Amino acid sequence: MLNAIEISPKVWWVGGIDWNERLFHGYTTEAGITYNAYLIMDEKITLIDTCKATFSNELVQRISQVVDPAKIDVVITNHVEMDHSGSLPVIHKIAPNAQIYASAGAGVNEVKAHFGIEATPVKSGDTLNIGERTLTFVTTPMVHWPDNMVTYSDVDQILFSNDAFGQHYATTKRFDDENDLCEIMKQAKKYYANIVWPYGMQAHKALEAVKGLELKMIAPSHGCIWRSHIDKILEKYEAWTTYQTEEKAVVVFDSMWHSTEMMAREICDSFIAEGISAKLIDVKASHISDIMTDLCDARYVAVGSPTLNSNMLPTVASFLTYMRGLSPKNDQRIGLAFGSYGWAPLGPKQVYEELEKAKFNLPVPVITQQWIPSEENLAELQATVKKIIEDARA
Ligand code: FEO
């Protein structure tokens, strides 16, 4: 039995649970995914978002626990990416007279382009009365696509926030306080780092709009609904969307014969010696999406690669390509490129160029090491890191 869950009087969760999805666009979803959709039983029966297409049966079955899906009057499409709109054609077929709303411009255009379905455009601040309730739309472009918007229900004081405030976390327990808070905050951070981070400025504007609302719940389209810890997730979004960093260092590397690894260990230990918490990450042992989670609030990021066939190692290149795609344009974090070589220091130089393109603040040139670092070389490396920290603290 696929149950609908009443999250507030006459407001039902009718989404899908994707227990075994382990990858979303290169992002590992070790805890699975949910596609949250919500049904409001007002004079106009309203569905907010749908599910990935392969979950349309689950969606329809859950709606049918509450009402005949053919009676749906209104469908709000907060976001047309297919994890939320993939079942829209199924709902449109079952309830062909239901009026579909999407953001003006990008939203209606995408609904038409993806499904050949006409939607009614809404702008930020537009309202829709569905009976007892009035819904207000706030556009949140680029959180995560140009079409994104959120919908606020006044009677319920629920913000249906779509991708914003989401977590990839499959669970039958719908609320934050029913789940392990550490785990959902960890997943919320991973989600932010891998989905929303490039659009922090836009996300911050959306956050400002949200702050003025009376909120009993934030109901995202992925993961748990926030009701007991709204303050905590808003506080985190405030920090993340303003690119606040902590006094911590992430040292990411790969190595062939341990020379670059020796440098990485020395750099990591040098940060620790200066009272900065540091994490040493071998790219072979961690997924790039987990590295991003560590990296997004770290003030210092050191990346190292030896030289292989006149290039950096492909593992490091893969990480840097992913990171550069996600890095915000106004990144002010402090970067350090390093690595070893035998006869041409091309690998570490490429690392430096990638950090430069990602807009890192690079206080020293690339640090290269021919063959194996000596004790003296490592001592010089330690002194360089110490100087970087002292300058950053000045
Ligand atoms: Fe959850 Fe941008 O889709």
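Only the coordinates and a few stated rules stand behind these numbers; no lab work does. No experiment lies behind these values; they were computed from the predicted model shown. In this analysis, Cβ positions are derived from the backbone assuming ideal geometry, glycine residues included, and neighbour counts consider all displayed protein chains.
Residues Ile367, Ile40, Ile372 in ascending order of nearby Cβ atoms (within 10 Å, fewest first): Ile372, Ile367, Ile40.
Show me the ranking of peptides 221-229, 5-13 by mean Cβ neighbours inside 10 Å, starting with the highest.
Numbers: 221-229: 23.4, 5-13: 17.3.
Going by the mean number of other Cβ atoms within 10 Å, highest first, we get 221-229, 5-13.
Using Cβ point charges alone (K and R +1, D and E -1), the dipole size of the chain about the Cα centre works out to roughly 460 debye.
By the count of other C-beta atoms within 10 Å, a proxy for reagent exposure, His84, His144, His287 are ordered fewest to most as His287, His144, His84.
With R₀ fixed at 45 Å, the C-beta to C-beta distance from Glu247 to Asn3 puts the FRET efficiency at about 0.45. Quick one: among Leu23, Leu159, Leu362, which has the greatest mean-square fluctuation in a GNM of the chain with alpha-carbon springs under 10 angstrom? Looking only at Leu23, Leu159, Leu362, the largest GNM fluctuation is found for Leu23. Mind checking which of Gly335, Gly86, Gly116 has the largest fluctuation in a GNM of the chain, springs on alpha carbons under 10 Å? Highest fluctuation among the options: Gly116. When Val364, Val250, Val385 are sorted by how many other C-beta atoms sit within 10 angstrom of their C-beta, beginning with the fewest, the order is Val364, Val250, Val385. Working from label points 7 Å from Cα in the Cα-to-Cβ sense, the Trp343 to Glu390 distance is 3.9 nm.
Extending 7 Å from the Cα toward the beta-carbon at both Lys211 and Ala70 defines two label points whose distance is 4.9 nm. Listed by chain and number, the lysines placed with their C-alpha closer than 19 angstrom to that of Lys71 are Lys10, Lys44, Lys93; residues fewer than eight positions away on the same chain are left out.
Only lysine pairs 8 or more places apart, or on different chains, with alpha-carbon atoms under 23 angstrom apart are counted in region 249-393, and they number 14. Mean separation of Cα pairs under 8 Å and 6 or more residues apart, divided by the residue count, gives region 249-393 a relative contact order of 26 percent. Over the residues of the chain, the helix contribution to mean residue ellipticity at 222 nm works out to -10000 deg cm²/dmol, using -39500 (n - 2.57) for each DSSP H run of at least 4.
Remark: spin-label model distance Lys10-Leu23 equals 4.6 nm, labels positioned 7 Å along the Cα→Cβ axis.
If I build a Gaussian network model for the chain, linking alpha-carbon pairs within less than 10 angstrom, which residue out of Ser85, Ser270, Ser318 has the largest mean-square fluctuation? Highest fluctuation of the listed residues: Ser318.
Given R₀ = 51 Å, FRET efficiency for Ala53-Glu375 by Cβ-Cβ distance, to 0.05?
0.25
DSSP finds beta bridges in the chain, and of those with both partners inside it, around 45 percent are antiparallel. For region 339-362, backbone nitrogen atoms closer than 12 Å to the point 7 Å from Trp257 Cα along Cα-to-C-beta are found at 341-343.
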